[in-house]
Amino acid sequence: MPLDEQRDIDLIKDFRVVGHRPVRPDGVDKVTGRARFGADMSAPGMLIGRVLRSPHAHARIRSIDASKAEALPGVKAVVTSKDFGEVDEDLVDTLVNCMATDKALYDGHAVAAVAATSAVIARKALKLIEVDYEILPHVTDVDAAMAPDAPVLHEDAADESVPAGMSKNVVRRYEFGHGDVAAGFAAADHVIEKSFKTEAAHQGYIEPHACLASMGPDGQADLWVCTQGHFMVRNTCAGILGIDASQLRVTASEIGGGFGGKTTVFIEPVALALSRKAGRPVKITMSREEVFRASGPTSSSSVDVKIGMSSDGRITAAEAELRYQGGAFVGSPVEFGAMSAFAAYDLENVKTVGWDVVTNRPRQAAYRAPGAPMAAFAVESVVDELCKHFDLDPLAVRLKNASTEGSKAAYGPTFGRIGLTATLEAAKKHPHYTAPLGPNQGRGVACGFWFNFGGETCVSLNINVDGTVGLSVGTPDIGGSRASMCQMAAEELGIPFEKVRTIIADTASLGYNDVTDGSRVTFASGLATIQAARDAIEKLCGRAAQMWGIDPDAVVWEDGYAKPAGDNAGQFEPLSLAEIAAVAANTGGPIAGHTEVNADGAGQSFATHLVDSEVDPETGKVTILRYTVFQDAGKAVHPSYVEGQFQGGAVQGIGWALNEEYIYGQDGRLQNAGFLDYRIPVASDLPMIDTVIVEVPNPGHPYGVRGVGETSIVPPLAAIANSVSAAAGVRLTHLPMSPPRILKAVTDKQAG
Amino acid sequence: MVKVLIWGSLKAATGDQAELQVEAKTIRELLDRLGEAHPKLQPQLKRGVSVSVDGKIYRDAWFTPIAEDSEVVLLPRLAGG
Amino acid sequence: MSQIHVTTTINGDATEYLCEPDETLLDVLRDRLGMTGSKEGCGTGDCGACSVTLDGRLVCSCLVLGAEADGREVGTIEGVADGESLHPLQKKFLEHAALQCGICTPGILVAAKSLLEKNDNPTEEEVRYWLAGNLCRCTGYDKIIRAVLDTAQDMRSA
Amino acid sequence: MRYEAPHNLDQAVALLSAESGLARVLAGGTDLLVQLRSERIEPDLIVDIKRIDGMRSITAERGGFRIGAAVAGAELGEHEELVALWPGVVEAANLIGSTQIQGRATMAGNLCNASPAADAVPALIAAGATAAIVGPNGRREVPVEAVSTGPGKTVLEKGELVESLYLPARPARSGDCYLRFIPRTEMDIAVVGAAVALTLDEAGRISDARVGLGAVAPRPLLVEAAAEAIIGTTLDEAALEALAAACSAACNPIDDKRGTIEYRTSVAGVLGKRAAVIACERAKGN
């Protein structure tokens, strides 16, 4: 059904369900402990799987002798890379990351796995596996990895974009921009150029990766797993194991957080391979230490930014060079960093260059707006310095240069309807912006952007005989999406929210759905739900027409009722959804609506964050005093969960800005693989996180919805850095701004 | 003819041109013509791209129509978290 | 390694189990008794997802041996609701949307219940410090803190 | 591995003495279970001391308190007389971990785990506490500062365990305080810890003081030079600066994931000063 975009938004002015805050349908399960997450499932005859991991950052695997482990009573299977066959080119890196072949590429890289009748036996078995390693030199820092003499991970991973003569660890180059930056800098009244570093952060979901695999000798398999995308898991695992996709049914468990970290596979193919070999179900649950060492943290980065400004605050030119390491494989999100760096600014002259670099670290995975927060940190810090140089108001300067509808984005296209200016205006008039500050306190402002996307989506909406509705979607519910799906279906159908139940269907029950990522679910599954409801409504109207003996075109759907229209208006009593459903068997059988769509038209989302902090000048400790998020949601379907996305993103940003970092020792081993020393914010670290939902409708969605999940983590690093720099009286350029780094910056400044 | 803007690092594959002209009415035709006219683009096209048509970004939809005066921008394949 | 026979009370029910000497109470609850409401987020006492009460005192069940529970009283998330009627905290968490993914929720509810039993009028700061050992990565804690404060207010006026 | 939960001290000592393999005492378990889980240690015997009479009680003794080795942090915080007598010691113990950890963690365990960063230990040192150690050769009282000999190492010999800690009576016009630095507000291991206990004379001059530092050396330190820097003063600016300098001078820290040598050395002085000011206020009864 083609959507007449603007018309549809205007059509539904007063939402009846959307925009309200009903209790989520999966809520009771989640407050009573009944909800079943990845590790909560078990099966008769189940074995426990465990993975042996490399203690070395970089080592050639000369041989693996598992005979002693295999001989241990209770051990039912041992697998190594030899148990996996050839796979398609696009799955090679994923397989090698799940199970090392000739080299261990990072501390924590899987080299073998066992399945045994108990966890204790599995643990003992791992100790009996003898791996003969030849230790190789390693490199974990992005700048060090680019040095010409750096230890090399892969001989031929670079593509044609990388100029000759660079380290083989440099694997991709990206360049974006337009105009003439040299001329733009020449026209500036002042140019500031600075370099920045950010350390790798982890998504820090509280639920470790877990799965339960069962594969029979007939090749049929079932997998229960916590993932952001079970169809992705199905396709990837089937490809790696060499089985038909139809033979592997994947069920998504409840998922205890992902934030991008559960958009790929780590243990799932291993559990299936163990199960195939043992002929019994195998459960693998990662320990927290394994999650840190061997799942997919984000890139660390090194960024140079140069911006020129005229004395009235107009940016004349902007340039950035970004270097991201993405772990041991190609694929850091540096292109998204390079594309998004200056997205908030309407620029005549702009150029960004991104370098993708491999190092001896775990393969990075997506983390909320992958690549964008580090770029925004560097850019927004330099903009802040320019505002200070000219003594200009930071919001006014951003408003003066803000991207608006018709601006040519630094990454190429022309923006349609976007809400950046609306978030800046909201911030400007908010009391937070003018509240007084005390000594050693500072206020920071920053903007952030994320593309958002839609992707492949399939939903099925079944009208039950009692007039209730079952909605099957294929995107795991990470943060309340069942509620928003129920709302949109109820809105369209004109029935109460409580009459709709949404489930996450397994891979055998629904067509392919892309992963829950890219802030796409409320947008894309929502759009598909609306379309499926409209499909069902068309059928409901047809049934009513049949019952009345009139033309289907002469029936309209209003407030949950089929009503005769046109010449027939008022001739028949309206029929409710329940009344039509009750006699469905007599009018043609079950009634259902379906959508299969590649949902394009996800609207970009912008945010402006305001933060006040205080720095203890004697210890370098930062206290976040006040925080307000202003973000464009297009249309907030369930405002509470939109606020929750804003708050969660802001607080993850606070962690990344202040304390979270991957710390590697000289030996290339991760020093802080646990929540004790990988310091995510705790409740007592924080103030309330205030939110202002700005609604500038997205023309690509019938209700105007924009994705909100990712943009919220883009501004915080920069906003907090600007706030802390103001409070400390010195520009902080290295994240996290841990107390030792701040104290050193303050002391160095005092020393002159 | 449709005017296509490519990202900077692809200029090495197009003889330093940032703007290309191709005869195409859909995204699929666009990608096919680009690959034919500039064989050095093929590795990147094979790895995957997104296409922005009048500000709306498409990852996969081959048969999205492209008008003569559409603004068309080639982008790396988008992903998210 | 011989197993230990333990007799204990869980959520008011007399319970017996066998466990290994080095098996944690969390593993006993989840793997032997099928009570998977308590979650393992870290196994080192740093995340609070496995929070239970032991003789009324809030603890991490990952840092208690199953054998230690002998003769003692254990309270878990499965015992927070009274049959089909939810505890006021559970209702408020739903009302305030104080959960997103829900993995930390059982531990936070057990911890918050334990706070309100000790202090029916906590300040925001007291709630934040009491819950500092319960990590939540989704919400930024804002709605959780509000839900606990709101519950306390309701329970006082009830 | 065996698990034993004896009901008296003699049985505990006998079990520990007889074990030919590795034996570990279980009190709160908040360190021990983490070590088990990470396979850093694989003991053959665990002796749970919580069912031994007296291990979980706080009893008045000679104007001070004897604290059983299995008394949890939360129980210390709920003991009003103890809090009134040695607030700095209790606040140090209560800084260890979360509410959940407080439900289990003990000061004796904190001492015996022998981490250089143990929160309770600098405060116990400043308070002049002693540890009662029992073993096959009987019972001995050891000053707390003499218990740890290095990271993870103590003076405890085979078969020995700490039975209790003794916090002495507090002279009139005395106060104590413990402050630690951590990057967050909770849940971290101390980057630096500083405890000060002091007594004022009738004129308001410091007549006696003890200063303990944590996380700045291989074991928690009693810093006599820091105490001397403030004894005889009214804690004026010069005295505070001298105290800070003495604290920093006593530091012999490492660079690690939690802090740098430079940082720890500097912040030890800052915390020493701040703790002294609070202890002095408490001594004045404010």
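The values are calculated or read from the model by the stated rules, or taken from the named source; none is laboratory data. These numbers come from a predicted model, not from an experiment. Virtual Cβ from ideal backbone geometry, glycine too; neighbours counted across all protein chains shown. Keep in mind that these areas ignore ligands, DNA and RNA; they rest on the heavy atoms of the full protein, side chains included. Shrake-Rupley method; radii C 1.70, N 1.55, O 1.52, S 1.80 Å.
Observations on the structure shown:
Every residue, every condition in (1) in contact (Cβ under 8 Å) with a residue 40 or more places away in the chain; (2) in a loop (DSSP other than H, G, I, E, B); (3) over 28 Å from D:Ser266 (Cβ atoms), yes or no:
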{"residue": "D:Val162", "(1), (2), (3)": "yes, no, yes"}
{"residue": "D:Tyr166", "(1), (2), (3)": "yes, no, yes"}
{"residue": "D:Arg184", "(1), (2), (3)": "no, yes, no"}
{"residue": "D:Met187", "(1), (2), (3)": "yes, yes, no"}
{"residue": "D:Gly193", "(1), (2), (3)": "yes, no, no"}
{"residue": "D:Glu202", "(1), (2), (3)": "no, yes, yes"}
{"residue": "D:Asp208", "(1), (2), (3)": "no, no, no"}
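- Subset tally (residues that are within 12 Å of the chain's Cα centre (by Cα) and open to solvent by 10 Å² or more (accessible area, probe 1.4 Å)) for region D:149-181: 1
- Candidates C:Asp82, C:Asp120, C:Asp154 - the one that is out of contact with any Asp or Glu (no Cβ under 8 Å at 6 or more places or on another chain), of a type in the set (D, E, K, R) and either closer than 30 Å to C:Thr7 by Cβ or within 14 Å of chain D (Cβ to nearest Cβ) (or both): C:Asp82
- Cβ-Cβ under 8 Å pairs, at least 6 apart or on other chains, region D:119-132 side within 16 Å of D:Glu163 (Cα to Cα), far side of a type in the set (Phe, Trp, Tyr) and open to solvent by 10 Å² or more (accessible area, probe 1.4 Å): D:Ala129/D:Tyr166; D:Thr130/D:Tyr166; D:Ala131/D:Tyr166; D:Ala132/D:Tyr166
- Restricting attention to region A:286-319, the residues being out of contact with any Ser or Thr (no Cβ under 9 Å at 6 or more places or on another chain) and within 30 Å of A:Ala396 (Cα to Cα) number 7.
- Being facing another protein chain (nearest Cβ under 7 Å), under 16 Å from the mean Cα position of the chain (by Cα) and not in a helix (DSSP H, G or I) holds for only one residue in C:Gly140, C:Gly102, and it is C:Gly102.
Residues checked against (1) over 16 Å from A:Glu290 (Cβ atoms); (2) open to solvent by less than 20 Å² (accessible area, probe 1.4 Å); (3) of a type in the set (D, E, K, R); (4) at pLDDT 95 or above:
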position	(1), (2), (3), (4)
A:Ala59	yes, yes, no, yes
A:Asp65	yes, no, yes, yes
A:Leu72	yes, no, no, yes
A:Lys82	yes, no, yes, yes
A:Lys103	yes, no, yes, yes
A:Tyr106	no, yes, no, yes
A:His109	no, yes, no, yes
A:Ala112	no, yes, no, yes
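- Sole residue being touching a residue at least 12 places away in the same chain (Cβ under 8 Å) and surrounded by fewer than 24 Cβ atoms within 10 Å (Cβ to Cβ), chosen from A:Arg361, A:Arg314, A:Arg323: A:Arg314
- Counting the residues of region C:44-61 that are small (Gly, Ala, Ser) and either more than 7 Å from every other protein chain (Cβ to nearest Cβ) or surrounded by fewer than 24 Cβ atoms within 10 Å (Cβ to Cβ) (or both) gives 2.
- None of A:Val629, A:Val611, A:Val637 is farther than 26 Å from A:Val682 by Cβ and within 14 Å of chain C (Cβ to nearest Cβ) except A:Val637.
- Boolean, A:Val152 is surrounded by fewer than 24 Cβ atoms within 10 Å (Cβ to Cβ), touching a Phe, Trp or Tyr at 6+ places or on another chain (Cβ under 8 Å) and either over 17 Å from A:Val305 (Cβ atoms) or of a type outside the set (A, V, I, L, M) (or both): no
- Filter result for A:Ala164 (over 28 Å from B:Gln44 (Cβ atoms) and either open to solvent by 60 Å² or more (accessible area, probe 1.4 Å) or not β-branched (Val, Ile, Thr) (or both)): no
- Yes/no for A:Ile742 being buried (at least 24 other Cβ atoms within 10 Å of the Cβ), out of contact with any strand residue (DSSP E or B) (no Cβ under 9 Å at 6 or more places or on another chain) and either assigned to a loop (DSSP other than H, G, I, E, B) or hydrophobic (A, V, I, L, M, F, W, C) (or both): no
- Pair list, Cβ < 6 Å and 6+ apart or interchain, from region C:121-147 residues that are among the basic types (Lys, Arg) to residues that are crowded, with 19+ Cβ neighbours inside 10 Å and assigned to a loop (DSSP other than H, G, I, E, B): C:Arg137/A:Gly204; C:Arg137/A:Tyr205; C:Arg137/A:Ile206; C:Arg137/A:Gly257; C:Lys143/C:His96; C:Lys143/C:Ala97; C:Lys143/C:Ala98; C:Arg146/C:His96
- Restricted to helices (runs of 4 or more DSSP H) entirely inside region A:523-608, those with at least 3 residues that are open to solvent by 30 Å² or more (accessible area, probe 1.4 Å) are A:526-548, A:577-582.
- Residue among A:Val469, A:Val473 that is under 30 Å from A:Ala585 (Cα atoms), over 27 Å from the mean Cα position of the chain (by Cα) and buried (at least 21 other Cβ atoms within 10 Å of the Cβ): A:Val469
- Checking A:Trp548 against (1) farther than 30 Å from B:Arg77 by Cβ; (2) touching a residue at least 40 places away in the same chain (Cβ under 8 Å); (3) not basic (Lys, Arg), the condition it does not meet: (2)
- Only one entry of C:Val64, C:Val148, C:Val127 meets the criterion of being open to solvent by less than 30 Å² (accessible area, probe 1.4 Å), more than 8 Å from every other protein chain (Cβ to nearest Cβ), modelled with pLDDT of 95 or more and within 21 Å of C:Cys47 (Cβ to Cβ), and that entry is C:Val148.
- Restricting attention to region D:252-286, the residues that are outside any helix (DSSP H, G or I), crowded, with 21+ Cβ neighbours inside 10 Å and either hydrophobic (A, V, I, L, M, F, W, C) or in contact with a Cys (Cβ under 9 Å, 6 or more places away or on another chain) (or both) add up to 0.
- Qualifying residues in region A:263-298 (those that are in contact with a strand residue (DSSP E or B) (Cβ under 9 Å, 6 or more places away or on another chain) and among the basic types (Lys, Arg)) - the one surrounded by the most Cβ atoms within 10 Å (Cβ to Cβ): A:Lys283
- Hits in region A:384-433 - residues which are touching a helix residue (DSSP H, G or I) at 6+ places or on another chain (Cβ under 7 Å), part of a helix (DSSP H, G or I) and open to solvent by less than 20 Å² (accessible area, probe 1.4 Å): A:Asp384, A:Cys387, A:Leu395, A:Val397, A:Arg398, A:Leu424, A:Ala427
- At least 2 residues being touching a helix residue (DSSP H, G or I) at 6+ places or on another chain (Cβ under 7 Å) is the threshold, and among the helices (runs of 4 or more DSSP H) wholly inside region A:50-153 those reaching it are A:67-71, A:92-98, A:119-128.
- Just one of the listed residues (A:Arg21, A:Arg16) is touching a Gly at 6+ places or on another chain (Cβ under 8 Å) and either over 24 Å from A:Ala119 (Cα atoms) or more than 7 Å from every other protein chain (Cβ to nearest Cβ) (or both), namely A:Arg16.
- Subset of region B:52-81 (residues that are surrounded by 14 or more Cβ atoms within 10 Å (Cβ to Cβ) and either more than 10 Å from every other protein chain (Cβ to nearest Cβ) or among the hydroxyl-bearing types (Ser, Thr, Tyr) (or both)): B:Ser52, B:Tyr58, B:Thr64, B:Ile66, B:Ser70
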